[in-house]
Amino acid sequence: MKRLPVQKTYKLFIGGAFPRSESGRTLVAEGANIARASRKDLRDAVRIARQAGVGWAKATAYNRGQVLYRIAEMMETRRSELASVASSAGEVDRAIDRVVWYAGWADKIAQVVGTANPVAGPYFNFTVPEPTGVVGILAPEPPLLGLVSRLSPVIVGGNTAVVIASEAHPLVAIELAECLATADVPPGVVNILTGLRTELAPWLASHMDVSALDLTGGDGDVAELERLGAENVKRVVRGKADRQSPYDITAFLELKTVWHPIGM
Amino acid sequence: MATAPALPGGFELPLEPRLPRLGSVDAVALEERADVLSKRSIKRESKVFALELAIRMMDLTTLEGADTPGKVAALSSKGIRPDPTDPGIPSVAAICVYPNLVPYALERTRGTDVKVASVATAFPSGQSPLQVKLDETRWVVEAGAHEVDMVIDRGAFLSGRYAQVYDEIVRVKEICAGHAHLKVIIETGELGTYDNVRRASLLAIAGGADFIKTSTGKAATNATLPVALCMLEVIRDVHEETGRVVGMKVAGGIRQSKQAVQFLVQVHETLGLAWLTPDRYRIGASTLLNDVLMQIRKERTGRYQNPDYFTVD
Amino acid sequence: MTERKQDVARRADKAPLAAAWDYAPAPEARDIVRIQERYGLFIGGKFVEPLSGERYMTIDPAREEPLSEVAQANRADVNRAVKAARGAFEGAWSKLRPSERAKYLFRIARILQERSREFAVLESLNGGKPIRESRDVDVPLAAAHFFYYAGWADKLEYAFPNRKPRPIGVAGQIIPWNFPLLMLAWKIAPALAAGNTVVLKPAETTPLTALLFCDVVRQAELPPGVVNIVTGDGRTGAEIVSHPGVDKIAFTGSTEVGKAIQRTLAGTGKRLTLELGGKAANIIFDDAPLDQAVEGIINGIYFNQGHVCCAGSRLFVQESIYEATIAKLKRRMRTLRVGDPLDKNTDVGAINSKQQLEKITSLVQSGVDEGAELYQPPCKLPERGYWFVPTVFTNVAQSYRIAQEEIFGPVLSVLTVRTPDEAIEKANNTPYGLSAGVWTEKGSRILAMAQRLRAGVVWANTYNRFDPASPFGGYKESGFGREGGRHGLEAYVALDDA
């Protein structure tokens, strides 16, 4: 007798857990029922991301680098599962390598963008990068590589993320969430929502506790989202879906300059 | 031991080897504040006011190995009437000399308001046995000096023997009490940091100083504006917490009228008018006087002056 | 001996000699500045009549006297300026060798130094700030800023690893009235160093040093159109922001206007940097060098009449030293010399405008109404002009408007804290994040505080220090982007892959 396979229920990823949408709604995508996140799910995700940011920003750069590398390890072990819902096995390989690339940046970025500033006076003056806070991401296509390319620079710098997954291809995002959940990523550092962009993105863009927006995956709605983002002076980034660059890390970093007198 | 005078919270006696809660000084900010105050533009009548005040506050000083009765007599005369051609010019506050010359200074200033100050306690180094220092103090007080300028033992201070420094001041004060005003020289140029200047100032005040004084004039660095400001802030703290009034004397390297005015602006804006009196502020100097006289005459006549018109004593 | 004892006693009791020591007026001569009766717009290297035909009077806020009539540029004027800037960008300026660009900027720096007194006097006349500050802070820093960025012009490839920087094009720059010349330098120097051309609008109330700067541009023989100065009010600014020919907007000013600009630019892809408001916390711990901390408080809030976006307007004092600190602060406030901005001994000058004075007055009234305790030192203010006595509020609750809103005036709100954690929590409890101050002798606490304060600039045991090499800019609603330092270049370059 043929064994009946156990099907996976695709749920949201919030605070390290996999809840259904509080609304109870689902929609069908890629032949599966996926959770259709509500604006309340989004609100919860932002709140949890903000809380998680305290510890994640304080974690040592070495630790953050190791966590990112661990994500790559988990992706590697689930390579075939990821490939089954990504556009191709090649996309998965490139996504894994991208995470590894960013993992190595964790304890270097401050050395590249930080400065000791020679001011004209008896002061020691230095500038260091710090995370900006909670970053809202509209994940671009391809669904895995695009997501990983935009998410990795955000979290490697100490930010936390609320991601709205590709609307057309959400399954791989949840597959990735399962890697994250087993990769020592502290709960709430990455939160992934599936559902309808038009329903969620305006709430994300207008949320007063979201510090920055990555609209790389946005399409026709970008101008309106930017307008909404202005209400709390969000940093808005429109990058490339398939690129790796330290400039994508610094786009989500604040620069803090500290002065102290030099005297006996 | 003398009863300890009142001190701000945290400075209570008996003194421990390490003074608790002294307060600290940020060097850069202190120097910046002193710099801003030094840029005040003091003109015309306000300048004449300051210059005349500087004369009234002056401890006209000679502290040389080559000092003689004749030199001291001439200096005393100059101090009584700094400008023989202008009776409006006030006398200086005091004549400051070595112990041996006290009798000559007293003789010449008798019957005037000009006081005689003597250095003591193995000036300028303070590196003599305590008994010698006390004997010297007793000698100058008995000789009739109105004011005693003692030095602290910087060696003891810098090696952390604060109690020893304190005890010496107390013993000297016992001898002076009721007879002569005690100015305690902390020799800021040898203390290394403003924190130490603050600490030594408090120690001197705790020991009973009527005045605290910056320098002997014999060290490489003398009274600077930031050091003086630092000491004024100590005096202010003591006054605000206890009401006790302590005077201040700057000495060493003050040769130009402009410097004198800068020091006075500092007093004015730190301690206020109440300290703008010879009873609470002194300027120790030897060559400053003629420069001040020249500046006053310039303000009065509108002409720049020639030093040959002012007596050298 | 008895006689001498009496003498000692008498001398100790002697009253002070003087009833007062009033410093004689020490005004800086104003004849070094020649202000024209009226100014046009500086477009394409020369002054032109405004197409709008409109002008308004700019005044001396300390005397309420008219100084000059300046142009109110409209859309057509802005268009003309943008065209001139575009022409210069595509013409001479972008073809120039970077080392030559550098030399132009060095020239500007030198001319500013040579004419520093003239600029200082004019800045104080038109803006109301004390000559001591315009002379010792604004003008020297403006010159230093040009000098600093001049050196970058031919070294840009070293600033951005693995990238090929190129200029963006025409930068539209809108600056505030609190540091008119200095903000001009902050905007123009990096823009030009990176090879852009600019259209700059000085603030409505303080256009004169920007207009005098046009003469520096002329003396430096900068190619026409590289720097264009258009005067006017917010309407002119809005025209610059919405002009399709402008590639980048740099704005310093209020958070409210900053948000409006961000909304306007939404979806256009135009580059934007914003340096907006602040409500900085200045935190004093009980081991702080107290007299210097008090100077830091004074400098933090009364510098430039408190017209400073990074002013230390919220003072947090550890409760154990609260009384001593407030006593020292009030005493120090009584020595502040308020009055004629041109007097060399003035510490606090005139409020920049009637409108600003009204805003300060109304916020101070709200503080009184909400129950805070007001202290103002005795102070004789001139009869004419806009003035506000340096003010401190104690017994302030975090919820009061004076603890939340940017007053942009000489008004300090004092709150108490018990622990470093409480200080952090309260200091960060604001939508702003421009700057902060912390005073303590303990090194590890300084670093911990510096790390946890959410602000772009943290002054530890100092306050309100600025330098061209030091990046400046905010977190949160205080804006984004940095001015100053290597990081300040980033706003004015496009980074192509190398």
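The values are calculated or read from the model by the stated rules, or taken from the named source; none is laboratory data. As the structure is a prediction and not an experimental result, all values here were calculated from the model. Glycine gets a Cβ as well: all are built from the backbone with ideal geometry, and neighbour counts include every protein chain shown.
Listed by first and then second residue, the pairs linking a residue in the stretch B:279-301 that is within 14 Å of another protein chain (Cβ to nearest Cβ) to a residue that is aliphatic (A, V, I, L, M) and in a helix (DSSP H, G or I), with Cβ atoms under 8 Å apart and 6 or more places separating them unless they lie on different chains, are B:ASP279/C:ALA12; B:ARG280/B:ALA274; B:TYR281/B:LEU264; B:TYR281/B:VAL267; B:GLU299/B:VAL48; B:GLU299/B:LEU51.
Among the residues of the stretch C:150-166, at least one is part of a strand (DSSP E or B), under 21 Å from C:PRO223 (Cα atoms) and touching a residue at least 40 places away in the same chain (Cβ under 8 Å). Taken over the stretch B:248-278, the criterion of being away from every other protein chain (no Cβ under 14 Å), part of a loop (DSSP other than H, G, I, E, B) and not β-branched (Val, Ile, Thr) is satisfied by B:GLY252, B:GLY253, B:ARG255, B:GLN256. The listed residues are A:ILE174, A:ILE155, and the only one of them that is closer than 17 Å to A:ARG98 by Cα, touching a residue at least 60 places away in the same chain (Cβ under 8 Å) and away from chain C (no Cβ under 13 Å) turns out to be A:ILE155.
If you go through the stretch A:41-87 and pick out every residue that is crowded, with 21+ Cβ neighbours inside 10 Å and aromatic (Phe, Trp, Tyr), you end up with 1. All of B:LEU106, B:LEU30, B:LEU53 fail the test of being farther than 19 Å from B:ASN290 by Cα, away from chain A (no Cβ under 14 Å) and buried (at least 18 other Cβ atoms within 10 Å of the Cβ), apart from B:LEU106.
Scanning the stretch C:342-356 for residues that are hydrophobic (A, V, I, L, M, F, W, C) and more than 15 Å from C:TYR302 (Cβ to Cβ) turns up just one, C:LEU342. Criterion applied to C:LYS330, C:LYS359 was being in contact (Cβ under 8 Å) with a residue 12 or more places away in the chain, surrounded by fewer than 23 Cβ atoms within 10 Å (Cβ to Cβ) and within 20 Å of the chain's Cα centre (by Cα), and the one residue passing it is C:LYS359.
Matching residues to (1) out of contact with any strand residue (DSSP E or B) (no Cβ under 7 Å at 6 or more places or on another chain); (2) farther than 30 Å from A:THR216 by Cα:
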| site | (1), (2) |
| --- | --- |
| C:GLU256 | yes, no |
| C:GLY267 | yes, no |
| C:ARG271 | no, no |
| C:GLY277 | yes, no |
| C:ILE284 | no, yes |
| C:VAL294 | yes, yes |
| C:ILE297 | no, yes |
| C:PHE303 | yes, yes |
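Restricted to the stretch C:453-498, and to residues that are among the acidic types (Asp, Glu) and within 9 Å of chain A (Cβ to nearest Cβ), which residue is nearest to C:GLU405 (Cα to Cα)? Top of the filtered list is C:GLU477.
Scan the stretch C:367-377 and give yes if some residue there is surrounded by fewer than 23 Cβ atoms within 10 Å (Cβ to Cβ) and free of Cβ contacts under 8 Å to residues at least 12 places away in the same chain, otherwise no. Yes, that holds for at least one residue. The set of residues in the stretch C:31-53 that are surrounded by fewer than 16 Cβ atoms within 10 Å (Cβ to Cβ) and farther than 23 Å from C:GLN219 by Cα contains only C:GLY53. Looking across the stretch C:278-303 at every residue that is part of a loop (DSSP other than H, G, I, E, B) and surrounded by fewer than 24 Cβ atoms within 10 Å (Cβ to Cβ), the one that is farthest from the other protein chains (Cβ to nearest Cβ) is identified as C:PHE285. Is one or more of the residues making up the stretch C:26-39 under 30 Å from B:VAL261 (Cα atoms), of a type outside the set (A, V, I, L, M, F, W, C) and part of a strand (DSSP E or B)? Yes, some residue in the stretch C:26-39 is under 30 Å from B:VAL261 (Cα atoms), of a type outside the set (A, V, I, L, M, F, W, C) and part of a strand (DSSP E or B).
Would you confirm, using the coordinates I've provided, whether C:GLY53 is at pLDDT 95 or above, in a loop (DSSP other than H, G, I, E, B) and more than 14 Å from chain B (Cβ to nearest Cβ)? Here the answer is yes, as C:GLY53 does meet what is asked.
Just to be sure I understand the filter: pairs with C-beta atoms under 7 Å, separated by 6 or more residues or on different chains, first member in the stretch A:132-148 and within 14 Å of chain C (Cβ to nearest Cβ), second member in a helix (DSSP H, G or I) and of a type in the set (A, V, I, L, M, F, W, C). Which pairs pass? From residues that are within 14 Å of chain C (Cβ to nearest Cβ), the pairs are A:VAL134/A:VAL46; A:VAL134/A:ALA49; A:VAL135/A:VAL154. Residue count for the stretch C:66-83, restricted to those that are surrounded by fewer than 23 Cβ atoms within 10 Å (Cβ to Cβ) and either assigned to a helix (DSSP H, G or I) or in contact (Cβ under 8 Å) with a residue 40 or more places away in the chain (or both): 9.
Here is a yes/no grid of residues against (1) among the β-branched types (Val, Ile, Thr); (2) not in a loop (DSSP other than H, G, I, E, B):
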site: C:VAL308; (1), (2): yes, no
site: C:THR325; (1), (2): yes, yes
site: C:LYS330; (1), (2): no, yes
site: C:THR335; (1), (2): yes, no
site: C:THR346; (1), (2): yes, no
site: C:GLU358; (1), (2): no, yes
site: C:GLN365; (1), (2): no, yes
site: C:VAL368; (1), (2): yes, yes
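Cβ-Cβ distances below 8 Å connect the following pairs, each with a first residue in the stretch C:229-252 that is more than 21 Å from C:ALA491 (Cα to Cα), a second residue that is surrounded by fewer than 22 Cβ atoms within 10 Å (Cβ to Cβ) and among the β-branched types (Val, Ile, Thr), and a separation of six or more residues or different chains: C:GLY234/C:VAL257. Before we move on, is A:PRO261 within 30 Å of C:ALA460 (Cβ to Cβ), within 12 Å of chain C (Cβ to nearest Cβ) and out of contact with any strand residue (DSSP E or B) (no Cβ under 9 Å at 6 or more places or on another chain)? Judged against the criteria, A:PRO261 is not a match.
Within the stretch A:109-121, if we keep just the residues that are touching a residue at least 24 places away in the same chain (Cβ under 8 Å) and more than 10 Å from chain C (Cβ to nearest Cβ), the residue that is farthest from A:PRO153 (Cα to Cα) turns out to be A:ALA110. Those helices (runs of 4 or more DSSP H) of the stretch A:196-250 in which at least 2 residues are free of Cβ contacts under 8 Å to residues at least 24 places away in the same chain, facing chain C (nearest Cβ under 9 Å) and more than 14 Å from the chain's Cα centre (by Cα), considering only elements entirely within it, cover A:222-229.
In the stretch C:183-206 there is no residue that is in contact with a helix residue (DSSP H, G or I) (Cβ under 7 Å, 6 or more places away or on another chain), closer than 23 Å to C:ARG55 by Cα and within 14 Å of chain A (Cβ to nearest Cβ). Out of curiosity, is B:ARG44 surrounded by fewer than 20 Cβ atoms within 10 Å (Cβ to Cβ) and at pLDDT 50 or above? When the stated conditions are applied, B:ARG44 passes them.
Put simply, of C:THR255, C:THR268 the only residue that is without any contact (Cβ under 8 Å) to a residue 60 or more places away in the chain and either within 14 Å of chain A (Cβ to nearest Cβ) or surrounded by fewer than 22 Cβ atoms within 10 Å (Cβ to Cβ) (or both) is C:THR268.
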